[in-house]
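The values are calculated or read from the model by the stated rules, or taken from the named source; none is laboratory data. Keep in mind that what you see is a predicted model, and the values were worked out from it rather than measured. Every residue, glycine among them, receives a Cβ derived from its backbone with ideal geometry; neighbour counts consider all protein chains shown. Note: accessible area is taken over every heavy atom of the protein model, side chains too, but ligands, DNA and RNA are not part of it. Shrake-Rupley method; radii C 1.70, N 1.55, O 1.52, S 1.80 Å.
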Amino acid sequence: MKKIIALVSALAVLGGAAFAGGKQDAAAAPQKKTVIKISNGVNELHPTYLATKKWADLVMAKLPGKYDIQVYANAQLGDDVRATEAVRMGSLEMVATSASPLAGLLPQLMALDLPFLFPSDKAADAVLDGKVGQKLAADLEPKGLKILAYYENGFRQLTNSAHEVKSPEDLKGLKIRTMENPIHLAAWKALGANPTPMPFSEVFTAMQQKTIDGQENPIPTIYLQKFYEVQKFVTLSGHVYGPHILLINAKLFNSFPAEDQKVMLEAAQESALFQRATNRKMSSDYVDSLRKEGMTVTVLTPAQQKAFQDAVKPVYTQFEDKIGKDFIASIQETIANVK
Ligand code: TK8
């Protein structure tokens with residue numbers, strides 16, 4: 001039944017794109033624009049939202065009159081998991097989502113969630129812009145999703161409202177919200193915390209109402225979503241690097257004329273360059289902004305950092321069969337070759 005609904009809605013979307021204007025005289029009746037809605041979980045200030053807006057503006061400027069692209073923020077069209085499912089089904093056209101909550105769809109994506117895998121921005125770029133990124137994109141396509149670009153969410157940092165966290169021992173008893181992803185859950189358990197998965201849009205309220213003590217997200221998100229209003233401590237743990245991936249319904253994309261596809265892919269690359277540069281600048285600038293907002297920022301010494309790394313090591317062996325040992329090794333090799 002689900003399949004039939006998916007097929008019907010996909011055909012409806014395709015039909016809309018292919019037969020816009022119907023049999024009417026093209027000169028007399030203005031061509032009906034194809035509507036493309038893009039879902040963002042983050043708010044309007046976040047580089048990912050800004051980049052989807054940039055993509056929309058570029059595409060509409062280069063293909064005037066053909067597309068009506070509408071960009072939504074704050075999970076108005078659903079959180080990462082639900083919005084991505086809607087894009088697969090064809091009831092929504094596009095989403096910019098974290099890769100982590102899509103682990104159920106494509107277990108290989110979980111390679112990116114392995115803690116302390118990426119040592120730098122450069123290493124992340126090498127992996128996502130190289131063979132690994134291409135492989136993940138190729139494997140997502142049969143699931144109905146086409147990756148237009150890898151934006152970045154960035155290196156995730158721990159925040160909480162209880163006390164300063166400098167070691168895994170400090171995490172004992174802390175209730176930490178995680179993304180809906182088994183590696184994140186396992187890693188925080190291994191660190192001694194009490195992890196609870198939850199959709200992103202519920203996190204602020206959960207912290208405010210103290211149903212959770214903390215969460216982890218990159219600096220731009222912590223600052224722009226005003227998490228400092230409900231969190232006192234941030235530890236620069238940098239435990240996971242996460243991309244934000246820009247996805248479009250694959251059948252819809254393939255139904256577009258080749259020239260339009262080219263414009264969309266080029267606009268995606270342009271928006272990604274802007275997105276990563278902006279996100280990286282904010283990641284460094286906003287550390288001080290968080291201090292100004294009254295947060296205690298904890299920078300770990302190499303020895304303290306190592307204690308976190310050691311504690312999560314078992315997670316690698318725990319998940320290597322699910323992800324694929326060779327796949328993990330190929331990522332590690334790419335990273336090792338980054339100068
Ligand atoms: C926004 C999410 C968010 C992610 C999370 O939709 O859930 O914590 O970091 O950026 O993708």
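Residue separation of Ala162 and Arg82 scaled by 0.36 nm, minus their Cα-Cα distance, works out to 25.6 nm of gained length. How large a share of the accessible area of the range 106-181, in percent, is made up of carbon and sulfur atoms when the probe is 1.4 Å and the other protein chains stay in place? Of the solvent-accessible surface of the range 106-181, carbon and sulfur hold 49 percent. Take the chain, connect every pair of alpha-carbon atoms lying under 10 Å apart with a spring to form a Gaussian network, then pick out the residue of Glu169, Glu270, Glu152 with the largest mean-square fluctuation. In the Gaussian network model the winner is Glu169. Projecting the Cα atoms of Thr317, Gln304, Asn279 onto the dipole axis of the range 263-339, where Lys and Arg carry +1 and Asp and Glu carry -1 at the beta carbon, places Gln304 farthest toward the positive end.
Probe radius 1.4 Å, ligands and nucleic acids ignored: give me the carbon and sulfur share of the accessible area of the range 211-339 as a rounded percent.
Of the solvent-accessible surface of the range 211-339, carbon and sulfur hold 56 percent.
Taking the Cβ of Leu77 as the center, what net charge do the other residues with Cβ under 13 Å away carry, scoring Lys and Arg +1 and Asp and Glu -1?
Charge balance near Leu77 sits at -2.
Taking the C-alpha atoms only, the angle from helix 2-18 to the longest principal axis of the chain is near 60 degrees. When Lys175, Lys322 are compared by accessible area of protein heavy atoms, the largest-first order is Lys322, Lys175, using a 1.4 Å probe. Positive end of the dipole of the chain (Cβ unit charges, origin at the Cα centre): among Met110, Phe233, Tyr72, the Cα lying farthest that way belongs to Tyr72.
Here the extension length gained between Glu229 and Glu44 equals 64.8 nm, from 0.36 nm per residue of separation less the Cα-Cα distance. Among beta bridges identified by DSSP and lying wholly in the chain, the antiparallel ones come to about 55 percent. So, in Å, what gap is there between the alpha-carbon centers of the range 169-199 and the range 81-141? After rounding, the separation between the Cα centres reads 21 Å. Take the Cα of Lys262, step 7 Å toward its Cβ, do the same at Asp57, and the gap between the two points is 2.5 nm. For the residue pairs Lys210/Lys313; Lys53/Lys122; Lys292/Lys339; Lys210/Lys251; Lys166/Lys339; Lys226/Lys262, alpha carbon separations beyond 32 Å are given by Lys292/Lys339; Lys210/Lys251; Lys226/Lys262.
Using a simple charge model, +1 on the beta-carbon of Lys and Arg, -1 on the beta-carbon of Asp and Glu, nothing else, what dipole does the chain show about its Cα centre, in debye to the nearest 20?
Dipole about the Cα centre, nearest 20: 340 debye.
Note on Asp321 and Arg280: their simple-model spin labels are 3.9 nm apart, each label 7 Å out from Cα toward Cβ. Toward the positive end of the charge dipole of the chain, with +1 on the Cβ of Lys and Arg and -1 on the Cβ of Asp and Glu, the farthest Cα among Pro195, Gly154, Ala99 is that of Ala99. Taking every protein chain into account, the 1.4 Å probe leaves His244 with about 10 Å² of accessible area, to the nearest ten. Which angle between 0 and 90 degrees, to the nearest 10, do you get for helix 258-292 versus the longest principal axis of the chain when only C-alpha atoms count? So the helix axis and the longest Cα principal axis differ by about 30 degrees.
Only Lys, Arg, Asp and Glu carry charge here, each on its Cβ (+1 for the first two, -1 for the last two); on that basis the range 179-259 has a dipole of about 120 debye about its Cα centre.
Surface calculation, 1.4 Å probe, protein heavy atoms: Glu333 sits at approximately 120 Å² accessible. For the range 64-218, the antiparallel share of DSSP beta bridges with both residues in that region comes to about 45%.
Subtracting the Cα-Cα distance of Val297 and Ala138 from their residue separation scaled by 0.36 nm leaves 53.2 nm. Contact order for the chain, expressed relative to its length and based on alpha carbon pairs under 8 Å spaced 6+ residues apart, stands at 25 percent. The long axis of helix 80-89 is offset from the longest Cα principal axis of the chain by roughly 30 degrees. Modelled spin labels at Phe204 and Glu333, positioned 7 Å past Cα toward Cβ, are 4.5 nm from each other.
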